[in-house]
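The values are calculated or read from the model by the stated rules, or taken from the named source; none is laboratory data. Quantities reported herein were computed from a predicted structural model and do not represent experimental measurements. Methodologically, a virtual Cβ is constructed for each residue, glycine included, from the backbone with ideal geometry; neighbour enumeration extends over all protein chains shown. We work out accessible area using only protein heavy atoms, side chains counted, and drop any ligands, DNA or RNA first. Shrake-Rupley method; radii C 1.70, N 1.55, O 1.52, S 1.80 Å.
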Amino acid sequence: GAVVSQHPSRVICKSGTSVKIECRSLDFQATTMFWYRQFPKQSLMLMATSNEGSKATYEQGVEKDKFLINHASLTLSTLTVTSAHPEDSSFYICSATLGPFYEQYFGPGTRLTVT
Amino acid sequence: EDQVTQSPEALRLQEGESSSLNCSYTVSGLRGLFWYRQDPGKGPEFLFTLYSAGEEKEKERLKATLTKKESFLHITAPKPEDSATYLCAFHTGANSKLTFGKGITLSVRP
């Protein structure tokens with residue numbers, strides 16, 4: 001199956017700082033990438049949809065100025081959590097797909113802890 | 001409103017005890033029903049895509065089926081390594097957005 005990587009796998013930062021998470025599709029070109037957030041013992045919550053070369057589409061309730069998404073190429077998308085606060089601590093997961101009606105392949109996730 | 005419901009929330013099986021996980025959906029214009037496996041602290045792993053009622057797909061001890069209202073993930077003679085959370089999800093449009101169920105946590109005892 002297709003491989004998606006995320007970096008870092010785990011990050012601890014201080015309140016008020018910004019953190020960048022990278023998502024890469026390693027063996028295919030992803031027309032669309034997605035960013036999810038997952039709280040303990042809960043399912044995945046979609047944050048935003050990202051298409052290469054265009055602005056991300058954010059889900060209702062997700063602050064686009066706080067969660068900056070850049071999709072620079074068909075293999076790379078980044079999520080920057082700006083001015084992080086403890087309530088931003090969570091498990092962030094990206095996914096990538098070849099296109100409409102194809103399955104999404106997920107990265108291994110990034111555990112963010114804000115102190 | 002389109003939605004998907006998974007049941008039971010948790011399932012404990014003895015090794016070798018076959019069972020089925022249920023995913024019920026009310027979706028207008030279903031374009032795909034997906035099954036994923038998620039281990040603790042990891043991203044979901046793709047298992048199956050089903051597109052139309054009557055479709056079945058198999059992989060090792062797993063078989064996924066789809067009707068007009070439900071999808072089942074049948075697990076035959078499970079092993080402890082099959083312990084994980086199983087997620088079903090659907091999408092309805094060209095933007096590939098997935099809507100996930102809450103998942104079923106499966107524990108298989110040796």
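Pairs of lysines 8 or more apart, or on different chains, with alpha carbons under 26 Å: count those in chain B, would you?
Within chain B, the lysine pair count is 24.
Of all chymotrypsin sites (Phe, Trp or Tyr not before Pro) in the range B:47-85, which ones are in loop regions per DSSP and have a Cβ with at most 15 other Cβ atoms within 10 Å?
B:Tyr51
For the range A:11-27, list residues with backbone N below 18 Å from a point placed 7 Å from the Cα of A:Thr115 toward its Cβ?
Under 18 Å, as judged by backbone N against the label point of A:Thr115, lie A:11-20 of the range A:11-27.
Any chance you could run the full-extension gain for B:Glu58 through B:Ser7? It's 0.36 nm times the residue separation minus the Cα-Cα distance, nm to one decimal.
So the extension gain works out to 16.3 nm.
So which residue, out of A:Thr97, A:Thr32, A:Thr17, gets the largest mean-square fluctuation from a GNM of chain A using Cα contacts under 10 Å as springs?
Between A:Thr97, A:Thr32, A:Thr17, it is A:Thr17 that shows the largest mean-square fluctuation.
What is the spin-label model distance, in nm, from A:His85 to A:Cys13 if the labels are put 7 Å beyond Cα along the C-beta direction?
1.5
Using a 1.4 angstrom probe with every protein chain in place, what is the largest-first accessible-area order of A:Met45, A:Met33?
Output order, biggest surface exposure first: A:Met45, A:Met33.
Which ³J(HN,Hα) values, rounded to whole Hz and listed in residue order, are derived for the range A:49-65 from phi using the Karplus coefficients 6.51, -1.76 and 1.60 in 6.51 cos²θ - 1.76 cosθ + 1.60 with θ = phi - 60°, glycine and proline given as x?
10, 10, 10, 4, x, 10, 5, 6, 9, 9, 6, 4, x, 9, 7, 6, 7
Most mobile of A:Gln29, A:Gln38, A:Gln60 per a Gaussian network model of chain A (Cα springs, under 10 Å)?
A:Gln60
Roughly speaking, to the nearest percent, how much of chain B's 1.4 Å accessible area is carbon and sulfur?
Ligands and nucleic acids excluded, carbon and sulfur give 47 percent.
Which cysteines in the protein assembly as shown lack any other cysteine whose Cβ sits under 4.7 Å from their own Cβ?
So far as the 4.7 Å Cβ criterion goes, A:Cys13 stand without a partner in the protein assembly as shown.
Using protein chains only and a probe of 1.4 angstrom, how many square angstrom of A:Phe28 are accessible, to the nearest 10?
About 30 Å², rounded to the nearest 10.
Quick check on the protein assembly as shown: take the gyration tensor over C-alpha atoms, sort the square-rooted eigenvalues as a ≥ b ≥ c, and tell me if it's rounded (a/c under 1.5), prolate or oblate.
Prolate, since a/c reaches 1.5 and a/b exceeds b/c.
Quick one: which bits of the range A:62-109 get at least 50 Å² less accessible when the partner protein chains are in, versus the chain alone, with a 1.4 Å probe?
Relative to the lone chain, where solvent access is computed with a 1.4 Å probe, the range A:62-109 loses at least 50 Å² at A:Phe101, A:Glu103, A:Gln104, A:Phe106.
For the range A:38-45, take each phi angle, set θ = phi - 60°, evaluate the Karplus expression 6.51 cos²θ - 1.76 cosθ + 1.60, and give the result in whole Hz per residue in order, putting x for glycine and proline.
Here the 3J(HN,Hα) series is 9, 8, x, 6, 10, 7, 6, 10 Hz.
Once each part is reduced to its C-alpha centroid, what is the distance from the range A:95-115 to the range A:1-30 in angstrom?
Taking the Cα centre of the range A:1-30 as reference, the centre of the range A:95-115 is 9 Å away.
As a test of reading the structure, rank B:Arg109, B:Arg31 by solvent-accessible area (1.4 Å probe, protein chains only), most first.
Largest to smallest exposure gives the sequence B:Arg31, B:Arg109.
Might you work out the accessible area of A:His7 for me, using a 1.4 Å probe with all protein chains in place, and round it to the nearest 10 Å²?
For A:His7, the solvent-accessible surface is approximately 120 Å².
Enter the accessible area of A:Glu52 (Å², nearest 10), with the probe set to 1.4 Å and all protein chains included.
80
Starting from the residue with the highest accessible area, list A:Thr82, A:Thr31 in decreasing order, probe 1.4 Å.
Order by accessible area, largest first: A:Thr31, A:Thr82.
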